[in-house]
1. For GLN218, indicate whether it is open to solvent by 40 Å² or more (accessible area, probe 1.4 Å) and either closer than 24 Å to ASN77 by Cα or among the polar types (S, T, N, Q) (or both).
2. What is the number of the single condition among (1) under 24 Å from the mean Cα position of the chain (by Cα); (2) among the charged types (D, E, K, R); (3) under 21 Å from THR125 (Cα atoms) that ARG224 does not meet?
3. When you look at GLN191, is it touching a residue at least 24 places away in the same chain (Cβ under 8 Å), within 17 Å of ASP62 (Cβ to Cβ) and not basic (Lys, Arg), yes or no?
4. Hey, which of the helices (runs of 4 or more DSSP H) in segment 164-215, taking only ones fully inside, have at least 2 residues that are crowded, with 24+ Cβ neighbours inside 10 Å and aliphatic (A, V, I, L, M)?
5. Out of all the residues in segment 146-163, which are crowded, with 18+ Cβ neighbours inside 10 Å and at pLDDT below 75?
6. What number of residues in segment 274-296 are over 19 Å from MET100 (Cβ atoms) and open to solvent by 40 Å² or more (accessible area, probe 1.4 Å)?
7. Inside segment 264-303, can you point out the residues that are within 20 Å of GLN132 (Cα to Cα) and free of Cβ contacts under 8 Å to residues at least 24 places away in the same chain?
8. Considering only residues that are loosely packed, with under 15 Cβ neighbours inside 10 Å and among the aromatic types (Phe, Trp, Tyr), which ones fall in segment 221-251?
Amino acid sequence: MATTITTAIATSEMVTAASGIIENIVLETTDGGSFNGAHHFAIHDSTFLDVGGNVIVDVHYDRERGLDLLYPAISANALFDSSERCSPSMPLPAVHQDLMEHLQQWIENPEPQHRIKLMSGRANTGKSLLAQMLAEHYQGAESNGNTKRFAAASFLFPTGKNSTVGSNHIIPTLAYQFAYSNPAITNDIVQPVLRDRAVLQKNMSAQLRNLVIGPLEQDKTNRRFSTSTPIPIIIDGLDTWAAGYERQKEFIDVIKKAVSGNLPFRFVIFTRMEGKLKGLLQEDGMKKISEPFELDERYKIAIESRLKTLRSHVERRENKWISRQMRLKVIAIRGFIG
């Protein structure tokens, strides 16, 4: 016989049903049962009805509403699959393929020496190309037996005309991707937004604490993902952020804070080492927690060779309409090489 809940008494402030959580409840049941007298727990994403049809507790954690509230605060054009970006169809040059495999092995290593990879290089060495392909590779959460892969979040700084990125847009963009692509943890990520929309206007440090670290710590405690499962975050084009040095410094400080805890973050940062940003990324505190890698002239030569081959292929095409489309593709790919 199913237990009928007759009373649900909140012993402390009850969060509204719109937020989808009722905390610290004491239950009284008609038949004693295992739920009788239960207290100091939370009900998530559930509806309870008594057998007579009277609703005693009706709670639905509105995932979609939470994501809808979070969405206006993100930079959609910084997503890896934004319409403003190009997903290159050309095969990676061999040196880039080797580097891609190295980065995947590092990301999936449960105990790396460092949790930040600083990937630097001059223009046209393939930084943005690698960032794009890494983000695509880790776009979905997967499960293989007992091993689960955490879907990555990425922020690929846009460079178009209308590409202003506010400092309070970066963390919500990362949080949105974690929530959308990892269904098991969506509730905990959107809960702070449902409770207090002002979190979307707070500084990056507060947003990191409320929208990423806090929810993920809770999910780790509740074993919604393995503590050894890496959490990849891919950043590209930090040097192009027009907000300037102070905002770049604030973001780097947030990354430092993220890797100082127990969550298994893996930050891969693609950027040029220029000006004040170079000093910021090479200061002693950053050196201790990151591993640098420079894409040197070999990578630029390999990219130029691959593009030359692609252009030659286009020029040999007899169909002018197809040739024009291919030329546009070459231009688009070149624009996202990095």
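The values are calculated or read from the model by the stated rules, or taken from the named source; none is laboratory data. In this text, all values refer to a predicted model and were calculated from it rather than measured experimentally. Quick reminder, even Gly has a Cβ in these numbers, built from the backbone with ideal geometry, and neighbours come from all protein chains shown. All accessible areas refer to the heavy atoms of the entire protein, side chains included, with ligands and DNA or RNA removed. Shrake-Rupley method; radii C 1.70, N 1.55, O 1.52, S 1.80 Å.
1. Values: open to solvent by 40 Å² or more (accessible area, probe 1.4 Å): yes; either closer than 24 Å to ASN77 by Cα or among the polar types (S, T, N, Q) (or both): yes.
In short, yes.
2. It is condition (3) that ARG224 fails.
3. Values: touching a residue at least 24 places away in the same chain (Cβ under 8 Å): yes; within 17 Å of ASP62 (Cβ to Cβ): yes; not basic (Lys, Arg): yes.
So GLN191 fits the description; yes.
4. Working: elements: 170-181, 186-195, 204-207.
Here the list reads 170-181, 186-195.
5. Passing the criteria: only ARG149.
6. So the answer is 11.
7. Selection gives ILE301 alone.
8. Within segment 221-251, TYR245 is the sole residue that qualifies.
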